[in-house]
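A short worksheet on the structure shown next.
The values are calculated or read from the model by the stated rules, or taken from the named source; none is laboratory data. Just so it is clear, the structure is predicted and the values come from calculations on it, not from any experiment. Reconstructed Cβ throughout: ideal geometry from the backbone, glycine too, with neighbour counts over all protein chains shown.
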Amino acid sequence: MVVQQQTKGLKMKSLTKKKSSKPVEKKITKISDKLGKGLVQTERKPTEAQCCAKTSATAVGCHD
Amino acid sequence: MLALSRYNIISRFETGKGSSYFLVNPLSGHADILNEEEHQKLLNGNFPDQQLLLEKGYLVEPAQEQARFREAYLRFTEDRDKDELQIFFVPTYACNFGCTYCYQSEYQPEPGWPTREKIDAFFSYLDRELAGKKKYVTLFGGEPLLPSKSAEAGVEYFVEEAAKRGLELAVVTNGFYLKERLGLLMKAKIREIQVTLDGPAEIHDRRRALKGGGPTFDRIVEGVDAALELGVPINLRVVVDRENLPHLHRLADIAIARGWTRSAKFKTQIGRNYELYTCQQAPGKLQTRLELYQELYQEILKHPQIMEFHRPAFHVAKFLFDHQELPGPVFDSCPGCKTEWAFDYSGKIYPCTAMVGKQGEDVGTYYPKVELKNDAISSWQDRDVLSISACKSCPVALICGGGCAAIAKSKQGTIGSPDCRPVRELLEIGMSLYFPEGTPETETEKTNDDTRNQCC
């Protein structure tokens, strides 16, 4: 389940799967006022809902 | 010029063999466990394999990391635009329970149920203003399943209108009338039904009794049994504090014995009992987030069956264990006015369930006409770790996400402030729970062990 990184005496234990290298797609996305320009989109990652409202019917879950 | 990423979260955690260190970077999406030697080398800047650190995003060229941050932020906001919306509808704030910690206890509810006209206005708003968005509706309260003619007729009409539109239905109920109402609710496709049990019967009934007294545990359990038998998903919430946490394992035993935990339709959530507005009869039993999870961890060690009932997230620790990858970075953990809206029977719209019904916190109306307070809505929608000053330089921002806006406003007077989560400390506990083996032995440790095991 965990991948052992054996590199030059390094025994850091990786907890994340090895990713395949995919070509990076260039895409001009919408520009937010808070950010700069010239951005590149890469592969999506799953997000974990931080607030219970997304994963449950919830009451005050996200406030806990 | 290379530097350690500003989003590295490094800390020590206890394992079965002593302690190890975790290194987690929510921006690059990598996580590793290090031993003491590796940890020291990393901190001292003489880690042997710089290329590996670069590949994993632990070592970065700062300008490139900022570009990556911007790209991740845009992706987050774009993904959220396509996210499903959860739309709460509160038909009443009245309730038949007198829970000791209810945050709505000071609300002054108007009697009665919304008229068909108001329910039509609610659905018209969804049809028009949220057209094209993925969404589902959640009946909330108060207690939405109260047994009066107008309440039952109202629920029936609401469920029919939801079903007509193909909207999935969730219900948050105290569960007292669940068994009787299942048939009615199942006229729509049920997403899930959330009920609360605070422990075994004598503990639960002390905290969640009927108004005027009277037990509620048995009726709720009957409702859960009936729902699961019919294949209706149940989300069982436990509101926890110092009074009932020591009894959580007994509730776990009950759920296991009844077969709930073997059902794919059963899930659980732990809710921390905390002070929201003025709702606590006994503030001395409250715990901070960290205290709750520290004590929960100790309970799990004493009573491992709790994990069959509930596996706490400890931020990203459980996800990492289950998926061998990190979730995407969280630039905003508050769904208010973004992927969550709350409507009540008075015709008002609110940002979320913590704010619904609170005077002065509405962001518009859907009845008698649609009027939106755009400035208020914008302030909720703009809130994230980029707009909250304290979050901009915080290394755990991309896991914390800025916390709850309602709590932030309650404590600091503005939603533009953070509701900080003890991310590092909770990860320390979570890593101990989900990765108790820590790092593999080093070559030095192996040699010493071999020596010790030799016959003399």
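Condition first: farther than 19 Å from residue B:84 by Cα, more than 14 Å from chain A (Cβ to nearest Cβ) and either crowded, with 16+ Cβ neighbours inside 10 Å or not small (Gly, Ala, Ser) (or both). Now tell me which residues in segment B:165-192 satisfy that.
Of everything in segment B:165-192, those that are farther than 19 Å from residue B:84 by Cα, more than 14 Å from chain A (Cβ to nearest Cβ) and either crowded, with 16+ Cβ neighbours inside 10 Å or not small (Gly, Ala, Ser) (or both) turn out to be B:176, B:177, B:179, B:180, B:181, B:182, B:184, B:186, B:187.
Taking the condition of being touching an Asp or Glu at 6+ places or on another chain (Cβ under 9 Å), in a loop (DSSP other than H, G, I, E, B) and of a type outside the set (Asp, Glu), how many residues in segment B:188-226 meet it?
Of the residues in segment B:188-226, 8 are touching an Asp or Glu at 6+ places or on another chain (Cβ under 9 Å), in a loop (DSSP other than H, G, I, E, B) and of a type outside the set (Asp, Glu).
I need the full set of residues from segment B:119-142 which are closer than 17 Å to residue B:84 by Cβ and among the acidic types (Asp, Glu), in order please.
B:127, B:129
Please go through (1) within 34 Å of the chain's Cα centre (by Cα); (2) exposed (fewer than 14 other Cβ atoms within 10 Å of the Cβ); (3) more than 16 Å from residue B:428 (Cβ to Cβ) for residue B:56 and return the number of the only condition it doesn't satisfy.
Checking residue B:56 against (1) within 34 Å of the chain's Cα centre (by Cα); (2) exposed (fewer than 14 other Cβ atoms within 10 Å of the Cβ); (3) more than 16 Å from residue B:428 (Cβ to Cβ), the one that fails is (2).
Filter segment B:289-317 down to residues that are within 9 Å of another protein chain (Cβ to nearest Cβ) and of a type outside the set (A, V, I, L, M) and give me whichever is nearest to residue B:250 (Cα to Cα).
Top of the filtered list is B:289.
I'm told residue B:322 meets every condition in (1) within 14 Å of another protein chain (Cβ to nearest Cβ); (2) surrounded by 16 or more Cβ atoms within 10 Å (Cβ to Cβ) except one. Can you identify the failing condition by its number?
In the conditions (1) within 14 Å of another protein chain (Cβ to nearest Cβ); (2) surrounded by 16 or more Cβ atoms within 10 Å (Cβ to Cβ), residue B:322 misses (2) alone.
Across segment B:54-74, which residue is nearest to the other protein chains (Cβ to nearest Cβ) among those that are touching a residue at least 40 places away in the same chain (Cβ under 8 Å) and assigned to a helix (DSSP H, G or I)?
B:73
Determine, yes or no, whether residue B:195 is among the β-branched types (Val, Ile, Thr), within 30 Å of residue B:137 (Cβ to Cβ), within 14 Å of chain A (Cβ to nearest Cβ) and touching a residue at least 60 places away in the same chain (Cβ under 8 Å).
So residue B:195 fails the test.
Quick one: what pairs do we get from segment B:134-151, first residue loosely packed, with under 15 Cβ neighbours inside 10 Å, second part of a loop (DSSP other than H, G, I, E, B) and at pLDDT below 95, C-beta under 7 Å, 6+ apart or different chains?
B:134/B:84
So is residue B:131 within 14 Å of chain A (Cβ to nearest Cβ) and farther than 28 Å from residue B:248 by Cα or not?
The answer is no for residue B:131.
Pick out the one residue from B:428, B:445 that is closer than 30 Å to residue B:310 by Cα and either modelled with pLDDT of 95 or more or out of contact with any Gly (no Cβ under 8 Å at 6 or more places or on another chain) (or both).
On the way: B:445 fails: closer than 30 Å to residue B:310 by Cα.
Answer to the selection: B:428.
For segment B:348-393: of the residues being in contact (Cβ under 8 Å) with a residue 60 or more places away in the chain and aromatic (Phe, Trp, Tyr), which is surrounded by the fewest Cβ atoms within 10 Å (Cβ to Cβ)?
The qualifying residue surrounded by the fewest Cβ atoms within 10 Å (Cβ to Cβ) is B:367.
Please specify each residue of segment B:1-49 satisfying the condition of being more than 8 Å from chain A (Cβ to nearest Cβ), in a helix (DSSP H, G or I) and under 22 Å from residue B:326 (Cα atoms).
Answer for segment B:1-49, where residues must be more than 8 Å from chain A (Cβ to nearest Cβ), in a helix (DSSP H, G or I) and under 22 Å from residue B:326 (Cα atoms): B:39, B:42.
Looking at (1) buried (at least 19 other Cβ atoms within 10 Å of the Cβ); (2) under 27 Å from residue B:415 (Cβ atoms); (3) out of contact with any Pro (no Cβ under 8 Å at 6 or more places or on another chain), which is the only condition residue B:341 fails?
Single failed check for residue B:341: (3).
Answer yes if at least one residue in segment B:110-121 is assigned to a loop (DSSP other than H, G, I, E, B), surrounded by 23 or more Cβ atoms within 10 Å (Cβ to Cβ) and in contact with a Cys (Cβ under 9 Å, 6 or more places away or on another chain), and no otherwise.
no
Could you please find all residues in segment B:385-407 being within 16 Å of residue B:340 (Cβ to Cβ) and either part of a helix (DSSP H, G or I) or more than 17 Å from the chain's Cα centre (by Cα) (or both)?
Once the filter is applied, which keeps residues that are within 16 Å of residue B:340 (Cβ to Cβ) and either part of a helix (DSSP H, G or I) or more than 17 Å from the chain's Cα centre (by Cα) (or both), segment B:385-407 yields B:405, B:406, B:407.
Being farther than 24 Å from residue B:422 by Cα and surrounded by 14 or more Cβ atoms within 10 Å (Cβ to Cβ) narrows it down to one of B:14, B:38, so name that one.
B:38
Restricting attention to segment B:208-219, and to residues there that are among the basic types (Lys, Arg) and under 14 Å from residue B:175 (Cβ atoms), which single residue is nearest to the chain's Cα centre (by Cα)?
B:208
For segment B:336-371, what are the residues that are under 15 Å from residue B:138 (Cα atoms), within 14 Å of chain A (Cβ to nearest Cβ) and assigned to a loop (DSSP other than H, G, I, E, B)?
B:339, B:351, B:352, B:353, B:354, B:356
Search segment B:391-411 for residues being farther than 17 Å from residue B:316 by Cβ and in contact with a Pro (Cβ under 7 Å, 6 or more places away or on another chain), and hand back the single one that is farthest from the other protein chains (Cβ to nearest Cβ).
Residues of segment B:391-411 that are farther than 17 Å from residue B:316 by Cβ, as a first pass: B:391-393, B:404-411.
Now restrict to residues that are in contact with a Pro (Cβ under 7 Å, 6 or more places away or on another chain): B:391, B:408.
Details: B:391: 13, B:408: 10 Å.
Residue satisfying both the conditions and the ranking: B:391.
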